[in-house]
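Asker: So that we are looking at the same thing, I have put the structure below in structure tokens.
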Amino acid sequence: MTTTQVQFNKGKGIRLYTPDQDEYIDAVSGTFNLALGYSYPELVDALKTQLEDLIHVSSSFTGDLAQHVLDSILAQAPAHITTGWMRDIIGSTANEGAVKIANKYNGRNEVISLSLSHHGQTLFATAISGNAFRRKSFPNTVVTQNGIVPAPYCYRCPFSAKGAPACGFLCTEAIHDYAEYAASGGVSCIIIEPILGNGGNIIPPEGYFERVRKICDELDIVLIADEVQTGIGRTGHMFASEYYDIKPDIITLAKGLGGIGIPAAAILYTPQLAVLEKFEHSYTSGGNLLSLTASQKTMEIVSREGFLENVRENGAVLGRLLNNLKEKYGDVIGDVRGIGYMWGLEIVDKDGAPDVDLTNKIIDIGLENHHLILRGSRYGFGNVVKVRPSLTTTVDDIEEICARLDKIFHEL
């Protein structure tokens with residue numbers, strides 16, 4: 001069974017319903033963009049009111065509201081991030097905007113990104129992402145100046161090292177070497193996901209970001225944290241940048257910012273990077289009233305006392321139950337990685353090699369036999385099963401998700 005054969009007409013919390021009232025559990029928050037799940041009542045009510053009052057007006061007239069929403073986001077951001085941009089609605093263009101800012105600021109044009117990274121689906125965002133399968137059909141469409149360096153994928157270290165810090169963080173040395181020698185001073189910025197989401201839920205080791213920050217300071221490179229997937233509470237912290245002490249110059253947001261699937265995005269940055277003119281990065285629907293309304297209400301809800309603490313505590317339960325599955329099915333689950341409500345199960349064959357076919361089979365069995373919606377890494381080309389329920393997911397929900405996963409692995 002494929003997802004196109006299942007039609008849904010209603011959603012509530014983490015559950016979806018077909019016209020025949022069959023119930024499915026969505027363990028991945030749509031495409032990780034439903035921070036508050038389906039049809040969160042407060043947000044639905046706020047959107048209804050906005051729909052009745054005014055659906056759209058040019059962004060020329062929404063500046064004050066956009067600034068108010070931006071201020072509510074900045075209030076939760078790392079202290080050195082004090083300004084931003086609310087003229088995007090998707091992560092791809094937010095990341096492009098971040099690169100524009102860096103390019104204009106330092107007058108350079110090269111971008112460094114990581115292998116297995118994903119920064120969007122536009123031509124430019126695809127070009128700077130570390131997954132070549134997305135752009136192989138468009139080889140001559142966009143030419144960018146960029147370098148892709150190894151990801152900090154400790155479970156499958158490209159240097160066959162024995163783990164950090166004993167490895168000397170060779171993956172960060174690759175960043176330095178590219179910027180210093182291959183680019184010869186032409187690198188404008190490096191863009192990094194705090195957790196490489198689509199690449200396989202890869203979490204850099206402790207000390208990695210400290211070294212990246214040092215390299216950026218030494219070579220005057222702008223550090224962009226792509227928090228399209230990790231931002232707005234996904235890790236149990238409003239920003240993964242602060243939890244991992246990344247100290248980025250720019251943070252990009254989207255996905256979860258819209259709360260229940262409303263497209264919304266933002267670019268946050270340090271004051272010296274406030275270099276763009278409005279006409280240099282602006283879209284017809286950027287900063288539209290529905291996006292701003294959804295962002296404002298989402299920030300209000302996620303910022304409430306105890307909300308993120310609950311995600312952290314429940315996320316620990318989720319991690320423990322997933323690791324229990326690894327102990328039980330260690331012949332196919334090679335690794336469990338995650339934090340908060342952002343987890344991945346690395347699926348392997350009998351030799352420990354990535355098993356893409358089995359990964360996709362697990363996802364198909366989950367949907368068809370157990371009404372559990374999962375997603376795989378690298379759009380079906382990867383070997384990690386992602387488990388990322390909405391931030392409103394309860395412990396009972398978590399236990400049900402893991403019980404269904406147990407049945408899937410038992411069935412295999």
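The values are calculated or read from the model by the stated rules, or taken from the named source; none is laboratory data. Worth saying up front: this structure is predicted, and the values here are computed from it rather than measured. All Cβ positions, even for glycine, are placed from backbone atoms using ideal geometry, and neighbour counts span all protein chains on display. We work out accessible area using only protein heavy atoms, side chains counted, and drop any ligands, DNA or RNA first. Shrake-Rupley method; radii C 1.70, N 1.55, O 1.52, S 1.80 Å.
Asker: Is there a residue in segment 338-350 that is of a type outside the set (Val, Ile, Thr), out of contact with any helix residue (DSSP H, G or I) (no Cβ under 6 Å at 6 or more places or on another chain) and part of a helix (DSSP H, G or I)?
Answerer: No, because not a single residue in segment 338-350 is of a type outside the set (Val, Ile, Thr), out of contact with any helix residue (DSSP H, G or I) (no Cβ under 6 Å at 6 or more places or on another chain) and part of a helix (DSSP H, G or I).
Asker: Then there is this: Across segment 51-71, what is the total count of residues that are open to solvent by less than 40 Å² (accessible area, probe 1.4 Å) and under 20 Å from Ile260 (Cα atoms)?
Answerer: Qualifying residue count, segment 51-71: 3.
Asker: Now, a different point. Can you confirm whether segment 56-69 contains a residue that is under 19 Å from the mean Cα position of the chain (by Cα) and either under 23 Å from Gly199 (Cα atoms) or not β-branched (Val, Ile, Thr) (or both)?
Answerer: Of the residues in segment 56-69, the ones under 19 Å from the mean Cα position of the chain (by Cα) are none.
Checking segment 56-69: not a single residue is under 19 Å from the mean Cα position of the chain (by Cα) and either under 23 Å from Gly199 (Cα atoms) or not β-branched (Val, Ile, Thr) (or both).
Each row is one residue, and each column tells you yes or no for (1) acidic (Asp, Glu); (2) outside any helix (DSSP H, G or I); (3) surrounded by fewer than 16 Cβ atoms within 10 Å (Cβ to Cβ).
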residue: Arg378; (1), (2), (3): no, no, no
residue: Thr393; (1), (2), (3): no, yes, no
residue: Ala403; (1), (2), (3): no, no, yes
residue: Asp406; (1), (2), (3): yes, no, no
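Asker: Let me spell it out: the conditions are (1) open to solvent by less than 10 Å² (accessible area, probe 1.4 Å); (2) among the small types (Gly, Ala, Ser); (3) in contact with a strand residue (DSSP E or B) (Cβ under 9 Å, 6 or more places away or on another chain); (4) within 20 Å of Ser92 (Cα to Cα), and Gly261 meets all of them except one. Which number is the exception?
Answerer: Going through (1) open to solvent by less than 10 Å² (accessible area, probe 1.4 Å); (2) among the small types (Gly, Ala, Ser); (3) in contact with a strand residue (DSSP E or B) (Cβ under 9 Å, 6 or more places away or on another chain); (4) within 20 Å of Ser92 (Cα to Cα) one by one, Gly261 breaks only (1).
Asker: Then there's this: Out of segment 1-43, which residues are in a helix (DSSP H, G or I) and without any contact (Cβ under 8 Å) to a residue 40 or more places away in the chain?
Answerer: Thr4, Gln5, Pro41
Asker: Restricting to segment 180-195, count the residues that are out of contact with any Lys or Arg (no Cβ under 9 Å at 6 or more places or on another chain), part of a loop (DSSP other than H, G, I, E, B) and not acidic (Asp, Glu).
Answerer: If we filter segment 180-195 for residues that are out of contact with any Lys or Arg (no Cβ under 9 Å at 6 or more places or on another chain), which is where we start, we get 180-182, 184, 190-194.
Remaining after also requiring part of a loop (DSSP other than H, G, I, E, B): 184, 193-194.
Applying the additional criterion that residues be not acidic (Asp, Glu) yields 184, 194.
The total comes to 2.
Asker: From the list Tyr17, Tyr105, which residue is of a type in the set (Phe, Trp, Tyr), open to solvent by less than 70 Å² (accessible area, probe 1.4 Å) and at pLDDT 95 or above?
Answerer: Details: Tyr105 fails: open to solvent by less than 70 Å² (accessible area, probe 1.4 Å).
Result of the check over Tyr17, Tyr105: Tyr17.
Asker: Let me ask you something else. Go through (1) touching a strand residue (DSSP E or B) at 6+ places or on another chain (Cβ under 6 Å); (2) among the β-branched types (Val, Ile, Thr); (3) crowded, with 22+ Cβ neighbours inside 10 Å and name the single condition Ile339 misses.
Answerer: For Ile339, the failing item is (1).
Asker: If you take the residues in segment 196-247 that are in contact with a Leu (Cβ under 8 Å, 6 or more places away or on another chain) and not in a loop (DSSP other than H, G, I, E, B), which one is surrounded by the fewest Cβ atoms within 10 Å (Cβ to Cβ)?
Answerer: Arg213
Asker: Identify all residues within segment 101-149 that are in a strand (DSSP E or B) and among the hydroxyl-bearing types (Ser, Thr, Tyr); write none if there are none. Break it down into steps so the answer makes sense when it comes.
Answerer: If we filter segment 101-149 for residues that are in a strand (DSSP E or B), which is where we start, we get 110-114, 146-149.
Correct list: Ser113 only.
Asker: Taking the conditions exactly as written (open to solvent by less than 10 Å² (accessible area, probe 1.4 Å), closer than 23 Å to Trp343 by Cβ and in contact (Cβ under 8 Å) with a residue 24 or more places away in the chain), does Ile192 satisfy them or not?
Answerer: On the way: open to solvent by less than 10 Å² (accessible area, probe 1.4 Å): yes; closer than 23 Å to Trp343 by Cβ: yes; in contact (Cβ under 8 Å) with a residue 24 or more places away in the chain: yes.
So Ile192 fits the description; yes.
Asker: Taking segment 44-86 on its own, how many of its residues are of a type in the set (A, V, I, L, M, F, W, C) and either in contact with a Pro (Cβ under 7 Å, 6 or more places away or on another chain) or part of a loop (DSSP other than H, G, I, E, B) (or both)? Quick ask: steps written out before the conclusion?
Answerer: As a first pass, look at segment 44-86 and keep what is of a type in the set (A, V, I, L, M, F, W, C): 44, 46-47, 51, 54-55, 57, 61, 65-66, 69-70, 73-75, 77, 79, 81, 85-86.
Subsequent filtering for residues that are either in contact with a Pro (Cβ under 7 Å, 6 or more places away or on another chain) or part of a loop (DSSP other than H, G, I, E, B) (or both) retains 54-55, 57, 75, 77, 79, 81.
Counting residues in segment 44-86 that are of a type in the set (A, V, I, L, M, F, W, C) and either in contact with a Pro (Cβ under 7 Å, 6 or more places away or on another chain) or part of a loop (DSSP other than H, G, I, E, B) (or both) gives 7.
Asker: Would you call Lys297 in a helix (DSSP H, G or I), in contact with a strand residue (DSSP E or B) (Cβ under 6 Å, 6 or more places away or on another chain) and basic (Lys, Arg)?
Answerer: Here the answer is no, as Lys297 does not meet what is asked.
Asker: Hey, could you check segment 114-146 for residues that are of a type in the set (Val, Ile, Thr) and modelled with pLDDT of 80 or more and say which is surrounded by the fewest Cβ atoms within 10 Å (Cβ to Cβ)?
Answerer: Start the filter on segment 114-146 by keeping residues that are of a type in the set (Val, Ile, Thr), which leaves 122, 126, 128, 141-144.
Next, only the ones that are modelled with pLDDT of 80 or more stay: 122, 126, 128.
On the way: Thr122: 15, Thr126: 21, Ile128: 24.
By that ranking, first place goes to Thr122.
To keep it simple, each residue is scored yes or no on (1) open to solvent by 10 Å² or more (accessible area, probe 1.4 Å); (2) closer than 29 Å to Asn95 by Cα; (3) in contact with a Phe, Trp or Tyr (Cβ under 8 Å, 6 or more places away or on another chain); (4) polar (S, T, N, Q).
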{"site": "Gln272", "(1), (2), (3), (4)": "yes, yes, yes, yes"}
{"site": "Thr284", "(1), (2), (3), (4)": "yes, yes, no, yes"}
{"site": "Leu290", "(1), (2), (3), (4)": "yes, yes, no, no"}
{"site": "Thr293", "(1), (2), (3), (4)": "yes, yes, no, yes"}
{"site": "Lys297", "(1), (2), (3), (4)": "yes, yes, no, no"}
{"site": "Arg304", "(1), (2), (3), (4)": "yes, yes, no, no"}
{"site": "Leu308", "(1), (2), (3), (4)": "yes, yes, no, no"}
{"site": "Ala316", "(1), (2), (3), (4)": "yes, no, no, no"}
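Asker: Criterion first (over 21 Å from the mean Cα position of the chain (by Cα) and touching a residue at least 24 places away in the same chain (Cβ under 8 Å)) does Tyr178 satisfy it?
Answerer: It is true that Tyr178 is over 21 Å from the mean Cα position of the chain (by Cα) and touching a residue at least 24 places away in the same chain (Cβ under 8 Å).
Asker: Looking only at segment 87-102, count how many residues are open to solvent by 20 Å² or more (accessible area, probe 1.4 Å) and either touching a helix residue (DSSP H, G or I) at 6+ places or on another chain (Cβ under 8 Å) or among the basic types (Lys, Arg) (or both). First the steps, then the outcome.
Answerer: Initially, segment 87-102 is screened for residues open to solvent by 20 Å² or more (accessible area, probe 1.4 Å), giving 87, 89-90, 96, 100.
Among the residues that remain, those that are also either touching a helix residue (DSSP H, G or I) at 6+ places or on another chain (Cβ under 8 Å) or among the basic types (Lys, Arg) (or both) are: 87, 89, 96, 100.
Total satisfying the criteria: 4.
Asker: Would you mind stating whether Ala174 is open to solvent by less than 10 Å² (accessible area, probe 1.4 Å) and within 12 Å of Ile112 (Cα to Cα)?
Answerer: no
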